[in-house]
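Read the structure below first, then the notes.
Read-outs: derived from the displayed coordinates by stated rules, not from any lab. Because the structure is a prediction, the values reported are computed rather than measured. All Cβ positions, even for glycine, are placed from backbone atoms using ideal geometry, and neighbour counts span all protein chains on display.
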2 protein chains.
Amino acid sequence: MPVPQNFKAPARMSAKEKAFDQIQRWIIDGTLQPGEKLLESELSESLGVSRTPIREAFQLLEVKGLVATYPGKETKVTEVEKGDIFKLYSTLAALHASAAEVAAELIRPEQIQHLIDLNTEFERAVISDQPYLAMETDEEFHHAIVEFANNPYTVSFSESLQVHIRRFKYVFLQQPIDSTQASVDEHFAIIRAFQIRDAAAAHEAMKQNLIRPMRELEHLI
Amino acid sequence: MPVPQNFKAPARMSAKEKAFDQIQRWIIDGTLQPGEKLLESELSESLGVSRTPIREAFQLLEVKGLVATYPGKETKVTEVEKGDIFKLYSTLAALHASAAEVAAELIRPEQIQHLIDLNTEFERAVISDQPYLAMETDEEFHHAIVEFANNPYTVSFSESLQVHIRRFKYVFLQQPIDSTQASVDEHFAIIRAFQIRDAAAAHEAMKQNLIRPMRELEHLI
DNA sequence: ATGCGATATATTGCATACTATAGTTTGTTG
DNA sequence: CAACAAACTATAGTATGCAATATATCGCAT
């Protein structure tokens, strides 16, 4: 039987997942402001589900650090501070640099090619001034490398950090810009390190690629 | 009114927290074996609470990577593989080395003294052959440094990794040993780096202190 | 005997009802 | 009027019941 090749899992999302995704999006984009109090009843009404999946979503958001629960009392959206930018980026840099080191030894030619394609796409987005697309492609590039390193813990932690970084940008910049040509070049430096299987160089290039935008953000704010 | 000085918060734990703690302990110590199927009804009975807090505990455990949920079907304890040891320790090394770097610049004299005290305690536990106490003191030492680095993301990730490492030791060794005199010396090397505020040296010493036991574990298995 | 379909069973997912608790208001007493 | 306490309100925490879904069982036809 001929089955569509690019068959996407129908994404039959549970109410809990829908609630989680929506609330997380609202927190990231600032619809739900830092410090804002969240009521189970209120959200259950506006999302059209009962309190149960909302509660479950809250608990997952708490683990992710997007809300704080004061037991028996309330749950609020966590605050964002300028000082977080260093904490977020330096942690991400440590993880991604380590992942790049490992990936340098595991990566296969077609995976390198995929990175080249992604970075070309990224460059187009930068040149044509599409900051949101650029940010997404940049994240994809990094995500791919972390995947190649084949370490689920790093994948999970780094996704969590990306979420906070996105929120940070929304809160303080109202836009996702920080992708520049420098970033494109740094990506190519990482790719070159992979091509010659130089783990130390990959580590350093990756670190650069995260520390530089951090410094720029710090100055911008 | 005279109130006890060392008054501990009464630890009025919710049913959810009790369930989470107990199930996590059972998974770490192997009471609940990798691959084992978990039934909400069964656990709710044995813990004397309803299914709701059990469900909530399951979801938190899933985020932590201790159980895997197959929606609508079942939830099982995740598997542990020998290859995980590298993934766990290399990630922890990256995080702690980065934390040590930051801590080297922030640390205060009394905090350094606290580390010296902890490491002395650790050395006593190693010498008197109390592996469990040694493991705990070792973890405290590392935890203190991560705290000094003042980065909640690193704290959270590293606690999560510690849990997995503990489980790994239980599953493959049935005991928590891997603390040696070498570890004590490495700790002192970290402390010396702090005393002279040498971030790079702290980074390297910390990395050593995690990579060495990883290699030893790899050989042991 | 095997493969398919229908029915039964087990288990999760969600909704609702109930309980406990923190915070607020109000009343009472010195 | 002030201070305390009791009742009231709002909200989170827990239990239970119902619905949806996946798996297993059984029967039937080929």
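Between the beta carbons of A:LEU220 and B:LEU173, assuming R0 = 51 Å, the FRET efficiency works out to 0.55 to the nearest 0.05.
Between the residues A:TYR170, A:THR120, A:GLN130, the greatest Cα displacement towards the positive end of the dipole of the range A:78-190, with unit charges on the Cβ of Lys, Arg, Asp and Glu, is found for A:TYR170.
Treating only the Cβ atoms of Lys and Arg (+1) and Asp and Glu (-1) as charged, compute the dipole magnitude of chain A about its Cα centre; round to the nearest 20 debye. Before the final figure, lay out each step's value.
Numbers: 23 positive and 33 negative charges, 116 e Å.
About 560 debye.
So if I place +1 on the C-beta of Lys and Arg and -1 on the C-beta of Asp and Glu, and nothing else carries charge, what would the dipole magnitude of the range A:75-161 be about its Cα centre? I want it in debye, nearest 20.
Numbers: 5 positive and 16 negative charges, 56 e Å.
Value, rounded to 20: 260 debye.
Distances, shortest first, from the label point of A:GLU105 to those at the same position in the other copies read 3.0 nm; the point lies 7 Å along Cα to C-beta.
Placing unit charges on C-beta atoms (Lys and Arg positive, Asp and Glu negative, everything else neutral), compute the dipole magnitude of the protein assembly as shown about its Cα centre in debye, rounded to 20.
Working: 46 positive and 66 negative charges, 198 e Å.
Taking the Cα centre of the protein assembly as shown as origin, the dipole is about 940 debye.
Shown for B:GLU79: label points 7 Å from Cα along the beta-carbon vector, and their distances to the equivalent points in the other copies, 4.6 nm in ascending order. Using the Cβ-Cβ distance between A:THR120 and A:GLU17 with R0 set to 41 Å, the FRET efficiency from 1/(1 + (r/R0)^6) comes to roughly 0.75. Given R0 = 22 Å, the distance between the Cβ atoms of B:LEU39 and B:LYS82 translates into a calculated FRET efficiency of 0.15.
Over the residues of chain A, the helix contribution to mean residue ellipticity at 222 nm works out to -23500 deg cm²/dmol, using -39500 (n - 2.57) for each DSSP H run of at least 4.
Is there a pair in A:LYS82/A:LYS169; A:LYS16/A:LYS64; B:LYS64/B:LYS87; A:LYS16/B:LYS18 whose C-alpha atoms are over 18 Å apart, and which pairs would that be? In this structure, A:LYS16/B:LYS18 exceed 18 Å between Cα atoms.
Please give the length that would be gained between A:GLU159 and A:ASP198 if that part of the chain were fully extended, namely 0.36 nm times their separation in residues minus their C-alpha to C-alpha distance (nm, one decimal). Could you put the intermediate results ahead of the total?
Working: separation 39, 0.36 × 39 = 14.04 nm, distance 2.54 nm.
Gain on extension, A:GLU159 to A:ASP198, equals 11.5 nm.
The angle between the Cα long axis of helix A:199-220 and the longest principal axis of the Cα atoms of chain A comes to about 50 degrees, rounded to the nearest 10. Take B:GLU17, move 7 Å from Cα toward the beta carbon, and the resulting point lies 3.1 nm from the same point in each other copy, nearest first.
Suppose we flag trypsin sites (Lys or Arg not before Pro) only when DSSP calls them loop and at most 12 other Cβ atoms lie within 10 Å. Which is the longest uninterrupted stretch of chain A? Intermediate results must be reported in sequence, preceding the final value.
On the way: sites that count: A:LYS8, A:ARG12, A:LYS73, A:LYS82, A:ARG197.
With a cap of 12 other Cβ atoms within 10 Å, the longest stretch comes to A:83-196.
Neighbouring Cβ atoms from other chains, within 10 Å of the Cβ of residues in A:199-211, number 0 on average. Could you tell me which of B:LEU88, B:ALA103, B:GLY65 has its Cα farthest along the dipole of the range B:64-103 towards the positive end, charges placed at Cβ (Lys, Arg +1; Asp, Glu -1), taken about the Cα centre? The Cα lying farthest towards the positive end belongs to B:GLY65. For the peptide A:62-72, the mean number of other protein chain Cβ atoms found within 10 angstrom of a residue's Cβ is 2.
Among B:MET206, B:ALA182, B:HIS219, pick out the residue whose Cα is farthest towards the positive end of the charge dipole of the range B:171-221, where Lys and Arg carry +1 and Asp and Glu carry -1 on C-beta, about the Cα centre. Ranked along the dipole, the leading option is B:MET206. Calculate the length of the line joining the C-alpha centroid of the range B:85-101 to that of the range A:191-208, in whole Å. Their Cα centres are 19 Å away from one another. Across peptide A:93-99, the average count of Cβ atoms from other chains found within 10 Å of a residue's Cβ is 5.
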